[in-house]
Amino acid sequence: MGTQPVQSVRNSQRGSILVALVCALIMVGLVVVGVVYLGAREQELARFRVESAQAVYAANAAANMSMQEIADNTDYDGGGTVGSVAGGVVASGPTVNTAHCAAAVSLSGQTYTITATGSTTRASHVYQLVATRTNGATTAGVDTQCFDLGGVAPGSVGNVNWAATPGWVGVMRNVALPHLSGDNPYWRGGPNNKFAMRCQSTITIPTAGTWTFYVYSDDGSKLYINNTQVVNNDGDHSPSTASGTIVLAAGTATFDLKFFENGGETALVAYWSGPGVASQTIIPSSAFACAPTITIPPLVGVTSVTLNGNGSMVFDGFDARNGVYGGANVLTTGIVTQTNGTAASSISVTNATLNGNAVCGVGGTAGTAITTGAGGSITGSKTAATSGVAVMTTDIPPGMPASAGDQTFSGTMTINANYRVNNMSVTGGTITISGNVIGEVDGNFAMSSNASIQVLPGSSLTLYVGGTFTMANTSTLNTSAGDPRATIIYMIGAAKAMTLNDSSQVCAYTYNNAGGLSIVGGTTPAPEYFGVFHGTTVNLQSNAKFHADVSVGATTGTTGGTSLTQWTRVQ
C-alpha cells in the first residue's frame, strides 16, 4: 500500500478544522440570535402584560362610569343614552393609563345590560354587567316639573334648561291635558305662555313587542322611552301629532316627555298602541307610577290655607298604605301643608292646631306668610318652598256615554259602568260602586239626607264635576272602606267650590284647579275629610276635621338604588 503525500494530509486536516470552525461559528451565531430573540420576546411579553393590565383598568373604569350614570339616571358624558360611554365605540372613548375604554348598554324595564371594554394596541378586555335600578317610594301618576321660561321662546326642546329648579312640581294621573285655544295656564298661578314641562314616570308595558308612541303637542315635544328618543315633535308649530316605534319587553320602562309652549294654543297628549292596544289610545293612568321630584303635600291651597277653629278642630294625618284612619294609624308628624302664596297670613291658624310642617310659596318669608292667631299653633317647622305645587288642569277622558240629563237618586242601587249626567242629586239611600267606574257630572253634584255612595273593595270611582260639589245632612262618600285612593274627584269647572256642611264625610283625593274647599263645621259630629285636597283655597271652620293621607306623592319608603347582579369577563 502506498504512502499518502504529506501535503494532502495537511490540506485534509486544515479542511476539517475549517469546517469545525465554521460549525462552531454557526453555533455561536445561533446562540447569540437565540439570546437576542428570547430577550425581545420577554420584552414583548412584559409589554403585553402591562397593556393587558391597562386594558383591565380601562374596562373597569368604563363599567364604573356606566354604573354611575345608571345610579344617578344622568347622561354625564352627553352621549344621549344613560349608561353608555362613548356610545360603545372604544376608539373614540376616553383614555385610562393610555388605554381606551367604552361601554354599550341595553335596557329592559329597569334592568341594564352593560358591555364595558378596555383596549390597547396589544390587549383588550371586555366585561358584561347586569344591573337593576329601583326607585324609592312611588305614587300613581306622572311626576310633572313645570318651568317659567321668563318670556323667552326656546324654539326647541334642547334649548330649555331642564337642570334648573322647577318653579312648580305636581303629579298628573297621565298626560292628557286639554287643548286650550286661548292663552290659558295649565296649572293655577302658572304662566300662560313661554313655559316648559317635563313629565317623568315608570310605565308598565303589558305585553312584549313593538310599541308605537304618539305625542300631540303645541308647541314642541320629545318623548324618550328607556332613555331612547322615540318621538320627535319639536319646534314651534300648531297642534300636531308625531309618532315613533320601539321594541319593548313586558314589564316596566322609563317614560320621559319634554314639552314647551311658546304662545297661542296649547296642547299635550301622550298616546300609544301595541299588542292588544288599539291605535292612538291615550296612555291610561293605570300604566304610570312615579317617584315625585319633591314630597307632594296632602293639603294644598294655592292661594291660602285658613284654619279658623273653635278649639276642637282636628287636623292630623294617616297613611292609607297602612289601612284606614284610626288607632295606631293616626299621625301628628310627617304631614305637610303648603300654599304657593307669599302674602301675609297665606297660612293662618287660629284656635286650632295644625299638626306637621307648614310651607309658604317660593321666595316668601315664613315668619309673615305663616301665622298663628289666638289659640293657634303649628307643631312642625315653618319654611318657604323651593318649588311650588302645580295643581294641574285636567280633561274628561274620551268615550264617555251621552248625558242622561238631570238625575236624582234616593233608593238603593249599584253602578258598575261609566255614566254621564247634567246635574246629580243623591237625596237619601245608598249607591254602591262596583268595578272601576268613571262618572261625569257636567253641572252640580249634591248629596244630602243621609245619602251614601260607597266603593266596594277592589273597585274605584273617578268623578269629574263641572259645577259645585256640596255635601250635607250626614251624607257620606267612600267612608265604609276608608281608602281615599279609591275615589278621585276632579273639579273641572271655573271657580267651583267643594263644600262639606253639617256632619257629612268624604274619603277621597280631590283636585280643584279653579276652586277651593270649605268645611263649615258647627255640628255634632263634625264634618270630616279623609285624604288629599289640592285647590285654590282651603277654609276649615269651627270643629271641622281634616285627616291628611301622607302616602300621596311620598318620596320616602323603600330605599331606591342600583343593584349589580352580574359581572362576567367575556374577553
Work through the residues other than VAL160 whose Cβ is under 12 Å from its Cβ and net out their charges, Lys, Arg +1 and Asp, Glu -1. 0
Round to the nearest 10 and give me the degree value, 0 to 90, for the angle of helix 6-72's Cα axis relative to the longest principal axis of the chain. 0 degrees
Provide the per residue accessible area, probe 1.4 Å, for the chain, rounded to a whole number of square angstrom. 41 Å²
Could you give me the percent of Cα pairs per 5 Å distance bin for region 129-278, shortest bin first, beginning at zero and ending with the bin that holds the maximum distance? 2, 9, 19, 23, 20, 14, 9, 4, 1, 0, 0
How do 169-177, 431-439, 404-412 rank on mean C-beta neighbours within 10 Å, highest first? 169-177, 431-439, 404-412
Using a 1.4 Å probe over the heavy atoms of the protein chains, calculate the carbon and sulfur portion of the accessible area of region 428-571 as a whole percent. 49 percent
Between region 381-401 and region 418-497, how far is it from one alpha carbon centroid to the other, in angstrom? 20 Å
Would you list, by chain and number, the lysines whose Cα falls below 29 Å from the Cα of LYS258, excluding same-chain residues fewer than 8 positions away? LYS194, LYS222
Got the relative contact order for region 43-102 handy, in percent, Cα pairs under 8 Å and 6 or more residues apart? 33 percent
Out of residues 5 or more away from THR487 or on other chains, whose amide H comes under 5 Å of its own, with H placed 1.01 Å from N in the peptide plane? LEU461, TYR509
Just the projected area, averaged over all directions, of the convex hull on the alpha carbon atoms of region 496-548: how many nm²? 3.0 nm²
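The values are calculated or read from the model by the stated rules, or taken from the named source; none is laboratory data. Keep in mind the model is a prediction, meaning the values are calculated, not measured. A quick note on method: Cβ atoms are made from the backbone with ideal geometry, for glycine too, and the neighbour counts reach across all protein chains shown. Accessible surface areas use protein heavy atoms only, side chains included; no ligands, DNA or RNA. Shrake-Rupley method; radii C 1.70, N 1.55, O 1.52, S 1.80 Å.
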